[in-house]
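In what follows, a structure is listed as structure tokens, so that the remarks can point back to it.
The values are calculated or read from the model by the stated rules, or taken from the named source; none is laboratory data. Computed from a predicted structure; not experimentally measured. Virtual Cβ from ideal backbone geometry, glycine too; neighbours counted across all protein chains shown. Accessible surface areas use protein heavy atoms only, side chains included; no ligands, DNA or RNA. Shrake-Rupley method; radii C 1.70, N 1.55, O 1.52, S 1.80 Å.
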Amino acid sequence: HEVAAYPLDKMIGLNLVPVTVARTINGQTGSLQFWINGLVSELDREEKKLAASGWCLLSEQWPLMFVFDALIYNEDRTKQNMTYGEDDWMMYLIDASRAFRTNRGRPQDIRKVTLKLSPMLAERLEALDAETLNAQMRGLLERSQIQALLKRRDEILEDWRKGR
């Protein structure tokens, strides 16, 4: 699922997921993810009372994370896997190991969050279609996971249009 999160992130233009690719090394298949030195977790930021000083406020980045996690039904977003570059305070989302479920709705921890979409993000979500997703996610996700993702996308857009 780590590998599936990266192209989906690129398709909708969030740029939150570090480059992640599938690789087989010494007969073991897995994923390789670009490692960013000096990442600061949300847990560290809170505990050390670090002031985020990037050009993009965290309050503007968090809503993108909530939309992405709702779309992929990520049940395991923690303060340890919400990370920021220490120099620019841009968010990087790692660990999608418990994502891409076939559930409808949203994961428990973001059910009451009002999802905020820009018109551009809404347009990019609307542009996702089964044919493109099936091609991009071949070997990464099952058809049932893609269908569930598209249903959640529809729910996200419907909630956004209603202002919820």
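Structure values in brief
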| item | result |
| --- | --- |
| Chymotrypsin sites (Phe, Trp or Tyr not before Pro), loop per DSSP, at most 16 other Cβ atoms within 10 Å - longest free stretch of the chain | 56-164 |
| Accessible surface of the chain [probe 1.4 Å, protein heavy atoms]: carbon and sulfur percent | 50 |
| For the chain: accessible area per residue (Å², 1.4 Å) | 56 |
| Paramagnetic label zone (point 7 Å from Cα along Cα-to-C-beta, E142; backbone N under 20 Å) in the stretch 77-110 | 96-107 |
| Length-normalised contact order of the chain in % [C-alpha pairs under 8 Å, at least 6 apart] | 26 |
| Gaussian network model of the chain, springs between alpha carbon atoms under 10 Å - residue of V19, V113, V40 with greatest fluctuation | V113 |
| Value of [θ]222 nm, deg cm²/dmol, for the chain, DSSP H segments ≥ 4, -39500 (n - 2.57) each, nearest 500 | -12500 deg cm²/dmol |
| All-pairs Cα distance distribution in the chain, expressed in whole percent, bin size 5 Å | 1, 8, 17, 21, 21, 15, 9, 4, 1, 0, 0 |
| Net charge dipole size for the chain [Lys, Arg +1 and Asp, Glu -1 on Cβ; Debye, nearest 20] | 500 |
| Top positive-direction residue, dipole computed over the chain with Cβ charges, set Q28, A135, G85 | A135 |
| Rg [Å, one decimal], Dmax [Å, integer] - the stretch 1-81, C-alpha atoms | 14.5, 44 |
| Radius of gyration and Dmax over the Cα atoms of the stretch 125-164, both given in Å | 11.3, 36 |
| Residue list for the stretch 130-160, given a label point 7 angstrom along the Cα-to-Cβ vector of K10 and an amide N cut-off under 14 Å | 133, 135-138 |
